């Protein structure tokens, strides 16, 4: 695809994951078109950089840039990821894995979980997890790349990465600079608007240098230096639905088996993450300051670590929500500058990717067509709102009432969009599909069943199938999954024997 545009200069304000992902994508897509791309970054200003878990979509982003998986993994100390394990969400003691794959095949348009619901009604006690290769592989700390034979269960899943986000930013910086992106060291101290259209004309750095551009991309983090500081986009605060507003993060040594999955454990006032990399484990506690103090939240995290710390804990503050305008005039906000949703389902880097993908699809001319800007804002609003609903599902699909936070969620009035989704599920196990949104029906099934949100019925077409035949197919599928997992290598050994090994190579 060729970008038809008269944009000659692009200025990205801010580095980190969002800035360098944007720079790399622009360098790749605009190569040979004579567009100058500059990125302003200050060594004095730190980046949040605690995001370490991704979704399978990141593989398409890297592939578009021509990045080899082994090069990426080696540079970022990455491990593979088959899904996310959720502990203590429905009830204390519960656990389930949200996998990157479906549960069994679809038979004549009927998803397999409807047949499982029928078997369960008849007294079958098998877990739905037993029909998912990525779940059983993750539970056994095993990994292999998907097979090419679509008839085999080991071909029917996706995977992502768990990596060091700061190393990923450095990796993409090298990529972008090699393709002509100019990094400018400095701190922006002033933003000037033109008097005619109110566009950002230029930015002034602390040393007096002035940089102008046709298009500015705001990757300045929570501050939103351009989109909010200069253009007053406004912010939709979603704290009423997602009240967690703080986090404390700390790396630890790696101990025990190397799991190909991220873990999210529900706590009294939030949840704790655990993300295993090749050289360390990332840990953190996301919480709501209305229900727990900062010191108690940190103490709760440290009391539940499974290995010695490698650094002192780092505290963060945020407000969940999104900019009212992601793109305003000649400024597009990407990353934390565009909004923030807690990383319960590893969506932070994916929302950066969405912002970049939509910008490239609607890349402007200097006329900045209002229709393009409106369409970008419409699409990004849907991305954020549908992720918001999926995250909120985890908090409200629960039987917990053991702390103030969980009682808050039990009494919460939900967004109409989420309530409609839950109502359709409870009636007959139907997941209303999105035409535009990140999480597909299998993801909703994983969370709703994993957190004890059981439907009253199932697809009536299942009744036309012979019960003995359903049971025999289910048994065969369980056996195929178990056999395939048994033949799958240990996750750590698989990496260690590959060109992707970095920390594990030692």
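The values are calculated or read from the model by the stated rules, or taken from the named source; none is laboratory data. Computed from a predicted model, the values in this text were never measured in an experiment. No Cβ is skipped: glycine too gets one built from the backbone with ideal geometry, and neighbour counts run over all protein chains shown.
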**Message:** Given the condition assigned by TED's automatic domain parsing to the domain that holds residue 429, over 30 Å from residue 460 (Cβ atoms), part of a strand (DSSP E or B) and at pLDDT 95 or above, answer yes or no: does some residue in region 120-141 qualify?
**Reply:** no
**Complete:** Of (1) outside the structural domain of residue 15 (by TED's automatic domain parsing); (2) under 28 Å from the mean Cα position of the chain (by Cα); (3) loosely packed, with under 15 Cβ neighbours inside 10 Å, residue 174 satisfies every one except (1)
**Prompt:** For residue 418, all conditions in the list (1) within 21 Å of residue 103 (Cβ to Cβ); (2) in contact (Cβ under 8 Å) with a residue 24 or more places away in the chain hold save one; what is the number of the exception?
**Reply:** (1)
**Request:** Taking the options 151, 144, name whichever one is over 27 Å from residue 249 (Cα atoms), part of a loop (DSSP other than H, G, I, E, B) and at pLDDT below 95.
**Result:** 151
**Prompt:** Among 438, 504, which is in the same structural domain as residue 419 (by TED's automatic domain parsing), surrounded by 12 or more Cβ atoms within 10 Å (Cβ to Cβ) and more than 20 Å from residue 129 (Cα to Cα)?
**Reply:** 438
**Subset of region 150-171 [in contact (Cβ under 8 Å) with a residue 60 or more places away in the chain, crowded, with 19+ Cβ neighbours inside 10 Å and farther than 21 Å from residue 495 by Cβ]** = 153, 169
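Residue by residue, here is whether (1) within 21 Å of residue 162 (Cβ to Cβ); (2) in contact (Cβ under 8 Å) with a residue 60 or more places away in the chain holds:
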{"site": "260", "(1), (2)": "yes, yes"}
{"site": "275", "(1), (2)": "yes, yes"}
{"site": "278", "(1), (2)": "yes, yes"}
{"site": "293", "(1), (2)": "no, no"}
{"site": "305", "(1), (2)": "yes, no"}
{"site": "313", "(1), (2)": "yes, yes"}
